[in-house]
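The values are calculated or read from the model by the stated rules, or taken from the named source; none is laboratory data. Quantities reported herein were computed from a predicted structural model and do not represent experimental measurements. All Cβ positions, even for glycine, are placed from backbone atoms using ideal geometry, and neighbour counts span all protein chains on display.
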Amino acid sequence: MTEDELYEMSNYKSKTTGLPENINVWVRTEVVSHGHSKYRIKISKDKMKWSGTFTVGKNPTFIAGKDQTNLSNKEIKVIIDWVSNYSSLIINHIDGILDSGEFAYEIQKARNS
């Protein structure tokens, strides 16, 4: 792995996100343009298997992983709704405005309001 391939990602479990227990959200803490969207999150389900990528913004979309996803249509909808609800916080985290702790706090605060 080269230095350019190294990057930091923060992961968040259901206790923070409110998503189902077996779904983890991974947020890359720097902006990287991927052509279709510079703001993206990854999802893992059941023991770290990458399940797919979602764009972040007003109209989030699911981008299937290289292998066939292990997410159900219902899970995809729940994740898209979650991304839509918290897109401004996710973008602020990716842009470095919120660090990992602040992001987790803001998500939990928003969930409890």
Within segment 84-113, residues out of contact with any Ser or Thr (no Cβ under 8 Å at 6 or more places or on another chain) and either among the hydrophobic types (A, V, I, L, M, F, W, C) or on the phi > 0 side of the Ramachandran plot (or both) come out as 89, 90, 91, 97, 98, 110
Counting only residues in segment 70-87 that are surrounded by 14 or more Cβ atoms within 10 Å (Cβ to Cβ) and not aliphatic (A, V, I, L, M), the one farthest from residue 56 (Cα to Cα) is identified as 70
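Looking for whichever is aliphatic (A, V, I, L, M) and touching a helix residue (DSSP H, G or I) at 6+ places or on another chain (Cβ under 8 Å) here; the options are 94, 63, 90. Which one fits?
Selected residue: 90, the only one of 94, 63, 90 that is aliphatic (A, V, I, L, M) and touching a helix residue (DSSP H, G or I) at 6+ places or on another chain (Cβ under 8 Å).
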For residue 80, indicate whether it is modelled with pLDDT of 95 or more, of a type in the set (Val, Ile, Thr), in a helix (DSSP H, G or I) and within 19 Å of residue 9 (Cβ to Cβ). no
Across segment 8-39, the tally of residues that are at pLDDT below 90 and among the charged types (D, E, K, R) stands at 4
